[in-house]
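Here is the structure we will look at.
Every read-out reported here was derived from the displayed coordinates using simple, explicitly stated rules and does not represent laboratory data. None of these values were measured; they are calculated from a predicted model. Every residue, glycine as well, gets a Cβ built from its backbone with ideal geometry; the counts of neighbours run over all protein chains shown.
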Amino acid sequence: MHKYAVTTTQEIEADTVEEAALLMYQALTKGPAPLRYSVTDNRGQMIDLNLDREKAAEFANLDHTADPGNW
């Protein structure tokens, strides 16, 4: 299994970095998950992805623990 760093960015207006982080957290807990991500592999290669919300929701609802690749 490979390791990836997955990040998402949202521009937020705030007075401090702490407030910006709290506003981001608030947005994540109240609204739908973001669909734009940057993914970096262990070699440092980065790719930007835009997910389709319908396909992402379908994937999230599947039980991936049944996949032998997760054992």
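Summary table
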| quantity | calculated |
| --- | --- |
| Entry for log10 I(q)/I(0) by the Debye sum over Cα atoms at q = 0.17, 0.27, 0.28 Å⁻¹ (calculated from the structure that is shown) out of (i) -0.89, -1.18, -1.19; (ii) -0.67, -1.16, -1.20; (iii) -0.60, -1.27, -1.33 | (i) |
| Rel. contact order, % - alpha carbon contacts under 8 angstrom, at least six apart, the chain | 30 |
| Given charges at beta-carbon only (K, R positive; D, E negative), |dipole| of the stretch 4-66 in Debye | 220 |
| Segment Asn50-Tyr37, extension gain: residue separation times 0.36 nm, minus the distance between their alpha carbons | 4.0 nm |
| Options Val17, Asn61, Leu28, ranked by Cα towards positive dipole end of the chain, top entry (Cβ charges) | Asn61 |
| Estimated distance in nm for a label pair at Val17 and Asp63, the labels positioned 7 Å out from Cα along Cα-to-Cβ | 4.3 |
